[in-house]
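A quick write-up on the structure given underneath.
We did not get these values from a lab; they are worked out from the coordinates using the rules stated. In this text the structure is predicted, and so the values were computed from the model without any measurement. Every residue, glycine among them, receives a Cβ derived from its backbone with ideal geometry; neighbour counts consider all protein chains shown.
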Amino acid sequence: MITYRISEIGHCPKQLSLSTAKIDGKVPSWLQNSADEGKWHEKRIKDEMRKAGYIIEDVDVCPICLERLGEERNGLHVEITVNKPNEKESYMLIGHTDGKATHPEYTKGKTYGLEVKSMSQFEFDRWMKTDGKFKEFPSYAWQVSTYQHLTNEIPYIYVVKNRNIGGKDRFVIEKPIVSWTEIDEKMSRLTSWMNNNSEPYPAEFDADSIECRRCKYALRCVPEPKILEPVEKEKLDLAVSNYHKSQELEKESEKLRTEADNIFIQHCRATMENKWRYSGLSISFNENSSRAYYSKEGLMTVLNEEQLKTVTRYSEPKPVVRITQLKDK
Ligand code: SF4
Ligand SMILES: [Zn+2]
């Protein structure tokens, strides 16, 4: 029977079919390091919660998976076998929750589930950007909702930590965000596909999707140009080489500009002069400069869609090519 990892079921069905069939994509090294760092932060968060009076039930290595599969997986084991009248749609889900938490005051002595995530500053900003936090991270919603469906719909304490500055977002999810009907429908459809086809589930790389840009199977998803004449190939190779060169120059340019800025700032501070001219350049310095920006979500709280359209300005349309580096960086 096809078995899926609950932490993955919110992914695009093609990615899920490839990972479930254990076809190795290239896992970017930063993603692996990030997972290891995540474990470290999870332990710290639990220690802090214990100090705050929570009783936390967790395990480091799941004894069931160790015995059954010989694999070291972390967390409390949950699983379900979903049998369908059509056997080819039957599937199994296995996952590991980060634990259970009980507090005399905050959970009124009841046992809640616990899910802990830690993120870089960039990811944390993305997390905090929207009110419905999971909008930017739908696969997290699928994961925790499935845990809830498999654990009698107990509330879940959800903790998200900013790895850079340590800030946290902690809240309780009372009811599953994704319904069991939606989860079951996706999983049985995918299982049926996998049992009836040797190809992965059909889907194509989308350069606007952050999931695609980070996907370890992206290389399999972008179609290659079919037949190339030698002269076309030569031109494309030149374009690739120019692209890489432009990336390097961009980095170098940023570095040089930062170095120049730092020297000018030091000089402004030392001389207490904020506006001066030197060697054909005019230098203006503001110690507390900040720019106003308006998020679409924020504007939507005071304007409706129609009002927003009347104040939206579009730049002249022009051809744009989006280039994404697919190989491990
Ligand atoms: S690149 Fe995009 S479409 Fe392809 S498997 Fe990954 S997430 Fe799915
Ligand atoms: Zn297990």
Report summary line: To the nearest 20 debye, region 230-311 has a Cα-centred charge dipole, built from +1 on Lys and Arg Cβ and -1 on Asp and Glu Cβ, of 280 debye
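Below 8 Å, C-alpha to C-alpha, sequence gap of six or more: please give me the relative contact order for the chain in percent.
On the way: 370 pairs, mean separation 55.0, N = 329.
Relative contact order, the chain: 17 percent.
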Requested in this report: Name the residue, out of D261, D58, D206, whose mean-square fluctuation peaks in a Gaussian network model built on the chain with Cα pairs under 10 Å.
Outcome: D261
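For an R0 of 41 angstrom, estimate the FRET efficiency from the Cβ-Cβ distance between M1 and K255 and round to the nearest 0.05.
Calculated transfer efficiency: 0.15.
Any idea what % of Cα-Cα pairs in the chain are farther than 26 Å? Before the final figure, lay out the partial values.
Details: 34608 of 53956 pairs.
The share of Cα pairs beyond 26 Å in the chain comes to 64 percent.
Taking the beta-carbon count within 10 Å as an exposure proxy, list S179, S90 from fewest neighbours to most.
Details: S179 12, S90 18.
By the 10 Å Cβ count, ascending, the order reads S179, S90.
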Query raised in the report: Counting other Cβ atoms within 10 Å, which trypsin sites (Lys or Arg not before Pro) in region 86-193 have at most 14 and lie in a DSSP loop?
Result: K108, K110
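Out of region 221-255, which trypsin sites (Lys or Arg not before Pro) are coil in DSSP terms and have no more than 12 other C-beta atoms within 10 Å? Could the numbers behind the result be given before it?
On the way: sites: K226, K233, K235, K245, K251, K255; in loops: K226.
Qualifying residues, ordered by number: K226.
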Requested in this report: Within the chain, what's the longest run with no GluC sites (Glu not before Pro) in a DSSP loop and at most 13 other beta-carbon atoms within 10 Å? Give the range, please.
Outcome: 1-70
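Determine, for V240, V160, the number of other Cβ atoms within 10 Å of each Cβ, and report the residues in order from fewest to most. Each step should come with its number before you reach the end.
On the way: V240 11, V160 22.
The fewest-first ordering by Cβ neighbours comes to V240, V160.
Which percent, to the nearest 5, of DSSP beta bridges fully inside the chain are antiparallel?
Details: 24 of 35 bridges.
So the antiparallel bridges amount to about 70 percent of the total.
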